[in-house]
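Peer 1: Have a look at this one.
Please treat every number below as a calculation from the coordinates, not as lab data. Keep in mind it's a predicted model, so treat the numbers as computed, not measured. When we count neighbours, we look across all protein chains shown, and the Cβ atoms used for this are built from the backbone with ideal geometry, even at glycine.
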Amino acid sequence: MSVRSAMLSQLRNRRDGFSLPRDFYTDPDFYKADLETIFYKDWVFAGHDCEIKTPGQFFTLKIGDYPVVVVRGNDGAIRAFHNSCRHRGSRVCTTDHGKMRRLVCPYHQWVYNLDGSLFGARHMGDDFDKSQFGLKPVHCESFGGYVFVCIAEEAPDFARFRATAEPYTKPHGLENVKVAFESTIIENGNWKLVWENNRECYHCASNHPELCRTYPEAPASTGVSGGGDDPEISAHWARCEAAGLPSAFVMAPDGQFRTARMPLIGDAESYTMSGQRAVARPLCDTVVEPRIGTMLLFHYPSTWNHLMGDSATTFRVLPISPTETAVTTKWLVHQDAVEGVDYSIDELTKVWISTNDQDREIVEENQRGILSPAYQPGPYSPEHEGGVMQFVEWYANLMDKRLSGEEAPKLRSVA
């Protein structure tokens with residue numbers, strides 16, 4: 001039986017409301033199919049445009065087997081390219097971040113313009129046609145401070161996601177921020193386990209003492225479903241929307257992306273040990289309403305986000321192997337905020353650094369248990385793990401459609 005047939009058979013025979021069969025979390029061929037079917041075909045969160053504010057600034061990432069570079073051009077446009085020299089394939093940009101007047105391959109010094117065209121290649125002969133050997137482009141879209149890339153030959157529609165998310169992100173002014181701190185950890189677990197752990201707070205009270213100071217454990221507050229029938233949430237939405245902050249829950253019909261503005265506990269303003277703001281200077285000068293909570297933004301398969309009044313915390317998920325996942329967290333503050341005056345790195349990052357490490361341990365123990373041949377799918381909690389079930393449904397339905405050669409999406413709003 002082919003891998004495609006095996007995956008379809010297991011997906012179509014799985015029990016609703018139960019975790020996935022073991023192969024989906026462990027098998028190298030299933031993992032390869034995840035990359036080829038999802039990560040190589042969908043939009044992936046790459047980073048923030050504030051990281052490449054001036055021409056020649058770039059950052060790099062690796063999507064499965066594909067190294068990618070994102071660079072700001074002399075015309076101000078943000079572009080992405082396969083980070084592989086057209087000479088003999090060496091990586092052109094070898095650091096996570098950098099700046100060059102032109103992109104120069106360190107191996108044989110082939111030189112590329114910031115638009116990807118080949119500027120110069122030494123000793124290649126008189127009949128060498130430079131126009132045929134520019135860097136291979138990667139689809140790139142940016143909005144509201146976010147940069148997404150897609151390595152597929154034909155990228156899926158991005159307009160739906162932009163139209164949904166941009167009104168929510170725009171008030172936070174992420175075009176005028178900076179990365180105050182960045183952390184990448186390797187979790188020894190399948191990328192789906194990382195997402196499943198993220199999509200529920202069933203585990204929070206017993207595992208996340210720092211986060212639970214400000215983040216509600218209630219399922220309605222985690223952006224899993226509408227929440228509009230909850231009086232506290234509906235009142236929060238009304239107050240924030242009156243202040244010009246879109247807040248009500250909205251998601252794509254297939255569940256790939258969703259956003260909502262959710263209250264924190266009590267009078268908490270930010271994810272800090274005290275609940276007070278971590279940054280004295282607001283993230284955006286025009287957002288002055290107090291206690292706006294957190295604007296949750298999810299986009300499978302690669303990012304979840306928390307945007308608040310003082311700062312934003314963004315997360316990127318990139319698979320490395322069947323049982324390894326890189327999780328990159330970035331803390332964003334106003335571009336003019338001064339470390340040591342407006343904020344301290346420790347106060348800004350303590351809650352999520354602690355929470356990320358706790359989640360790493362949880363995911364790794366989950367993976368170790370699933371590696372056992374004795375593992376079999378278990379039932380999710382209908383009350384607390386609705387988000388996990390939704391993620392698994394999204395994954396199963398998408399894999400079924402793409403492995404079967406189908407597709408479909410629209411947008412729905414839930415009050």
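Peer 1: Among the Cys residues of the chain, which have no other cysteine Cβ under 4.7 angstrom away?
Peer 2: Cys50, Cys93, Cys140, Cys150, Cys212, Cys240, Cys284
Peer 1: Still on this model: Toward the positive end of the charge dipole of the range 44-150, about the Cα centre and with charges on Cβ (Lys, Arg +1; Asp, Glu -1), which of Thr54, Tyr66, Val111 goes farthest?
Peer 2: Result: Val111, furthest along the dipole toward the positive end.
Peer 1: Same structure, new question: Measuring from label point to label point, each 7 Å out along Cα→Cβ, what is the Ser344 to Asp400 span in nm?
Peer 2: The modelled label-to-label distance comes out at 5.3 nm.
Peer 1: Can you work out the FRET efficiency for the pair Arg12 and Ser234, with r the C-beta to C-beta distance and R0 = 45 Å, to the nearest 0.05?
Peer 2: My answer for the efficiency is 0.70.
Peer 1: Continuing with the same structure: If you wrap a convex hull around the alpha carbons of the chain, what volume per residue comes out, as a whole number of Å³?
Peer 2: Roughly 150 Å³ of hull volume per residue.
Peer 1: Given +1 on the Cβ of Lys and Arg, -1 on the Cβ of Asp and Glu, and no further charges, what dipole in debye does the chain carry about its Cα centre, rounded to the nearest 20?
Peer 2: 1060 debye
Peer 1: Using the Karplus curve 6.51 cos²θ - 1.76 cosθ + 1.60 with θ = phi - 60°, what ³J(HN,Hα) values do you get for each residue of the range 332-337, in whole Hz, with x for Gly and Pro?
Peer 2: Using θ = phi - 60°, the values come out as 10, 9, 3, 4, 9, 5 Hz.
Peer 1: Sticking with this structure for a sec: Taking GluC sites (Glu not before Pro) that fall in a DSSP loop and have at most 11 other Cβ atoms within 10 Å as cut points, what is the longest piece of the chain between them?
Peer 2: Result, exposed sites excluded: 155-382.
Peer 1: Averaging over every viewing direction, what projected area does the convex hull of the Cα atoms of the range 159-398 cover, in nm²?
Peer 2: If you wrap the Cα atoms of the range 159-398 in a convex hull and average its projections, you get 12.8 nm².
Peer 1: How big is the dipole moment of the range 159-398 about its Cα centre under a simple scheme where the beta carbon of each Lys and Arg is +1, that of each Asp and Glu is -1, and everything else is neutral? Debye, nearest 20, please.
Peer 2: Result for the range 159-398 is approximately 520 debye, rounded to the nearest 20.
Peer 1: If you project the alpha carbons of the range 229-339 onto the principal axes, what extent comes out on each, in Å, largest first?
Peer 2: 44, 40, 24
Peer 1: Apply the a/c threshold of 1.5 to the C-alpha gyration tensor of the range 183-286 and tell me whether it is rounded, prolate or oblate.
Peer 2: Judged from the Cα gyration tensor, the range 183-286 comes out oblate (a/c at least 1.5, b/c at or above a/b).
Peer 1: How many angstrom lie between the Cα centre of the range 328-350 and the Cα centre of the range 289-314?
Peer 2: 15 Å
Peer 1: In deg cm²/dmol, rounded to 500, what helix-only [θ] at 222 nm does the chain give when every DSSP H run of at least 4 residues adds -39500 (n - 2.57) and the total is split over its residues?
Peer 2: -7500 deg cm²/dmol
Peer 1: If you don't mind, another one. Given R₀ = 30 Å, FRET efficiency for Leu35-Arg102 by Cβ-Cβ distance, to 0.05?
Peer 2: Computed FRET efficiency for Leu35 and Arg102: 0.45.
Peer 1: Right, here's the next one. Pop a pseudo-label 7 angstrom from the Cα along the beta-carbon direction at both Asp23 and Glu393 and give the gap in nm to one decimal.
Peer 2: Distance between label points: 2.5 nm.
Peer 1: Counting only residues 5 or more places away or on other chains, whose amide H sits under 5 Å from the amide H of Phe181 once H atoms are built in the peptide plane?
Peer 2: Long-range HN contacts for Phe181: Trp331.
Peer 1: So, one more: Please report how many Lys pairs in the chain have alpha carbons closer than 16 angstrom, counting only residues at least 8 apart along the chain or sitting on separate chains.
Peer 2: 12
Peer 1: Related question: What is the distance in Å between the Cα centres of the range 145-178 and the range 42-102?
Peer 2: So the separation of the two Cα centres works out to 17 Å.
Peer 1: How would Tyr66, Tyr215, Tyr271, Tyr380 line up from fewest to most surrounding beta-carbon atoms within 10 angstrom?
Peer 2: By the 10 Å Cβ count, ascending: Tyr66, Tyr380, Tyr215, Tyr271.
Peer 1: Would you mind working out the magnitude of the charge dipole of the range 222-358 relative to its Cα centre, with +1 at each Lys and Arg C-beta and -1 at each Asp and Glu C-beta, to the nearest 20 Debye?
Peer 2: 220 debye
Peer 1: Between rounded, prolate and oblate, where does the range 44-150 land on the alpha carbon gyration tensor, with a ≥ b ≥ c its root eigenvalues, rounded for a/c under 1.5, else prolate if a/b exceeds b/c?
Peer 2: prolate
Peer 1: Go through Ala248, Leu403, Thr164 and say which Cα lies farthest out towards the positive end of the charge dipole of the chain; charges sit on Cβ, +1 for Lys and Arg, -1 for Asp and Glu.
Peer 2: Towards the positive end, the residue furthest out is Leu403.
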